[in-house]
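Note sheet for the following structure.
The values are calculated or read from the model by the stated rules, or taken from the named source; none is laboratory data. Everything numeric in this text was worked out from a predicted model, so none of it was measured. Cβ placement follows ideal geometry from the backbone for every residue including glycine, while neighbour counts extend to all protein chains displayed.
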Amino acid sequence: MAEQFQNFFVTKLREACDATATTIYVDTVPAITEGTLVLEYANSTKHEIIHFTGVSGYGLTGCTRGLEGTTAQSHSAGTDVRQNLTAGMIDKIINGVITTENIANSAVTTAKINNGAVTADKIDFTTFMPNYDWTLFLPNTTSIVNYEYTVPDTIQLGFINVYIDASASIWIISLNGAALQYTTANARTSVSVLVKAGDKLKIVRDTGSATAWHTGYIRKIV
């Protein structure tokens, strides 16, 4: 199921629905044509996560009910409906179900996200998202041989961009023990990756004794 997003979308059920309804009628339809919504988010016994795949009049069509451990059930007219970020939506981002084609105004249309690692040739996220706030966590330096960075708890989901200007050495960039990129000697490499709190990024010199310039940025999404 694809995901689309609309900031601050909130509406109410136009009509009551039962647990089997695949078309749900709302007072105001979203601008998006597919996505995940939460019904009765503030009611712990009635909240339900759904996914719709179309819009027709006031109806959200193709609804899959009771997602992410919630239960499909009846809801009364006037029930709160909104788009909140859910654990399932974050998992889709991290695991690559949400591609760059679904990221609004993205200039990158060919990047593939595989478990958070961008595998298209050396995409630099700071280039196509210049207006977002990036925090420098690894300043320009030639002093490191074995570097580790842990994503802080304040970042539930974010992007990291690492740039290496290698000399005669070969470097390995890894996330949580899985290699993301091997640099080649005398080459420049940029790696961008989706991360979450607690993830560990490592930059290690694999062969050679020469130093290299390294720069690392992180941008908080949520």
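Worth a mention:
- In the set (1) at pLDDT 95 or above; (2) under 16 Å from Thr11 (Cα atoms); (3) part of a loop (DSSP other than H, G, I, E, B); (4) of a type outside the set (Lys, Arg), the condition left unmet by Thr71 is number (2).
- Qualifying residue in the stretch 164-171 (condition: closer than 15 Å to Lys200 by Cβ, at pLDDT 70 or above and either among the small types (Gly, Ala, Ser) or in the same structural domain as Lys200 (by TED's automatic domain parsing) (or both)): no
- Looking across the stretch 17-31, just one residue is in a loop (DSSP other than H, G, I, E, B), over 22 Å from Gly69 (Cα atoms) and either outside the structural domain of Thr53 (by TED's automatic domain parsing) or touching a residue at least 40 places away in the same chain (Cβ under 8 Å) (or both), and that is Pro30.
- Scanning the stretch 76-102 for residues that are among the hydrophobic types (A, V, I, L, M, F, W, C) and modelled with pLDDT under 70 yields Ile93, Ile94, Val97, Ile98.
- Any chance Glu34 is of a type in the set (Asp, Glu) and in contact with a Leu (Cβ under 6 Å, 6 or more places away or on another chain): no
- Residue tally, condition of a type in the set (Ser, Thr, Tyr), surrounded by fewer than 21 Cβ atoms within 10 Å (Cβ to Cβ) and in contact with a Phe, Trp or Tyr (Cβ under 8 Å, 6 or more places away or on another chain), over the stretch 171-204: 3
- Members of the stretch 34-64 found to be of a type in the set (Ser, Thr, Tyr), part of a loop (DSSP other than H, G, I, E, B) and loosely packed, with under 15 Cβ neighbours inside 10 Å, listed by number: Ser44, Thr45
- Lone qualifier among Ala117, Ala111, Ala107 - being over 23 Å from Asn7 (Cα atoms), more than 12 Å from the chain's Cα centre (by Cα) and either at pLDDT below 80 or of a type outside the set (Ser, Thr, Tyr) (or both): Ala111
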